[in-house]
Structure formats: structure tokens, C-alpha cells
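This report concerns only the one structure given below.
The values are calculated or read from the model by the stated rules, or taken from the named source; none is laboratory data. Owing to the predicted nature of the structure, the values given are computational and were not obtained by experimental measurement. No Cβ is skipped: glycine too gets one built from the backbone with ideal geometry, and neighbour counts run over all protein chains shown. Surface accessibility is based on the protein's heavy atoms, side chains included, excluding ligands, DNA and RNA. Shrake-Rupley method; radii C 1.70, N 1.55, O 1.52, S 1.80 Å.
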Amino acid sequence: MQPYWKYWRISILLLPLLFLALLVGLDFSQYLQREARQLAVVIVDIEREWKVASEAKNLPELKALNDRLEKVMEEFRRLRAQGLACNWVLFALTIPLAWVTWQLTRERLSQLEMAGRFASILLPLLSVILMLMPDPGQRWLVVQVLAMLLWLGVTAALQKVAVYRMDQSLLEAYAKMAKIINILVIAMLAVRFFPQMIPPAAVPTVIWGFWVAQYVIVFVLAQFCWKLAQALKPVESGQLPLLSPAEQTLLIREFERQSADREHETDPGYEEDDAEPSQIPREGRNSRINDL
């Protein structure tokens, strides 16, 4: 048994946990940023009042404003320190996420897996640079592009492992997961790039819906990852043979052909035509698939 098979199963179990931790960390970071912005507005108001009191030489008012400004500045510095610590925690989380993505994209069968692998490498490096970028719009645009590439690569890798197991129920579970998540992601991207579609009164509801949709995606992903990890247990005991990429491709095509045959058998108007012979004998293929 190749060592990376063990890493595949560990990575599949860690993946939803890392996504959940990143979501919680991002939500907390955004909360700290909102609180800091509100305090920054309060500080400006206090300074304006202090200037007026200073011109009027109102000493009691100046003392009260100084005390109030000191308290607000202390709270502001605390929030900034917590925000910086949260950013470093998020950076630390991107490192195991990169490792997980790197392991899952081994034995690649698609270009999307390669894109996700490079996105996972750039994400830890970029997270440090993003702390220094003053424009939050630029920051989130870059993060969203990388996150989308990473997500596409990871889901392609999960599909690869599901197809490799040649389990019909596993493939159906993947199709269901992909359909739910794709609908949510497309809806979120449509609203983000076309905000004019949303009436102003519905903006708070949409923001709340975005927050819920992110956690629904992680929950759906976690369900599938748990099922996929359980399906990989025979690998650890040596019951599942390790195949080369060429053998994987042949088995995938055979599995798809047999699935199509089962669908056509239920169609009374279907007549079997002469198909191009496969590259391996029928008996050998079926026995190998049954072994999986």
C-alpha cells in the first residue's frame, strides 16, 4: 500500500474541519474589524468635541473627554491586537489546508486539481501579504479568486477518489453534494457580482443568507467526506488494490459504460448496437471492478 493512501483518508477527514475553522475565524475577524471601525468613528467624534471644548477653555469638559478618549483608545488597541492575533491564526490554518490539498491532488486526473494545488500553495504566502494591503476590496477579490480555485481543485480530487472506489452510492452522494453546493455558490457569486438585483430593503436578509449558506456548504461537505473516508477503510487493510493512472482511466470508462448499460436496460425502446471493443477483456474488467 502506498503511503499517500493513508494521507488521502486523513486529509478527507481534516478538510471540513479546516474549512469550518477558517469560516469561524473569518467571521470573528470581520466582527473585530466592524467593532474597530465603529470605535474609530467614536474617536473622531470625541476629538471634535475636545477641540470645541478646548477653544471654549472648558476644563471640566476637557477632563471628561480625555478620560473618555483614553478608555475608547484602550478598547480600540485591544480590538486591533485581537484582530492581528486572529489573522495569524488564519494564516496558521492555511498551512494544514495546503498540506491537505496537496495530498488529495496526488495522482491527478484533471487540470482542476493542479489549479487547486497551486492555489493552496499561494494561500499561506498571500495571507501574510494581505495583512499589509490597505484596500479591503483588493484583499477580498484576491482571496475569493484563490478560494474558488482551491475549492474547484479539492472537489475534483474528491470526485477522483469517489470514482476510484467504484461505489455507485458514493458517486450518487458526490453528485448530490456537488449539486447543492454548486447552486449555493452560483447564487452567492451572482449576488456578489450583480448587487443591483437585490432591493436595498433585502440586503440584510441576503447578508444573513450568505452567512448561513457558507455553513450549509461545510455541513454538506462534511457528510460526504465522512462517507468517503469510511469507504477508504479497506485501503488500510490492503483489501483495495492500488492502480496506475492508466488503469484508473480504463476502470472509470468501464464503470461509466456499465452505468449507461443499466440505464438503457430499463428503457424498453433501447436496442443495443455494435460498440467499439474495449481495451481489456470483459471478464477481467468485471472481476477487477467487483474486487473494488
The simple spin-label model distance between ILE180 and ASP45, using points 7 Å out along Cα→Cβ, in nm, is 4.4 nm
Simple spin-label model, 7 Å along Cα-to-Cβ: GLN144 to GLU70 in nm?
4.5 nm
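What accessible area per residue comes out for segment 25-175, rounded to a whole number of Å², with a 1.4 Å probe? Walk me through the numbers before you get to the answer.
On the way: 8650 Å² over 151 residues.
Using a 1.4 Å probe on heavy atoms only, each residue of segment 25-175 averages 57 Å².
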Excluding same-chain residues fewer than 8 positions from LYS63, which lysines have a Cα within less than 16 Å of its Cα?
LYS51, LYS71
What lysines could a cross-link reach from LYS233, if we take a straight Cα to Cα line under 24 Å and drop same-chain neighbours fewer than 8 places away?
LYS6, LYS160, LYS176
Stretch gain in nm, segment PHE118-ASP27, where the contour uses 0.36 nm per residue and the Cα spacing is subtracted
30.2 nm
Per-residue counts of other Cβ atoms within 10 Å, averaged by peptide: what ranking do you get for 151-164, 173-186, highest first?
151-164, 173-186
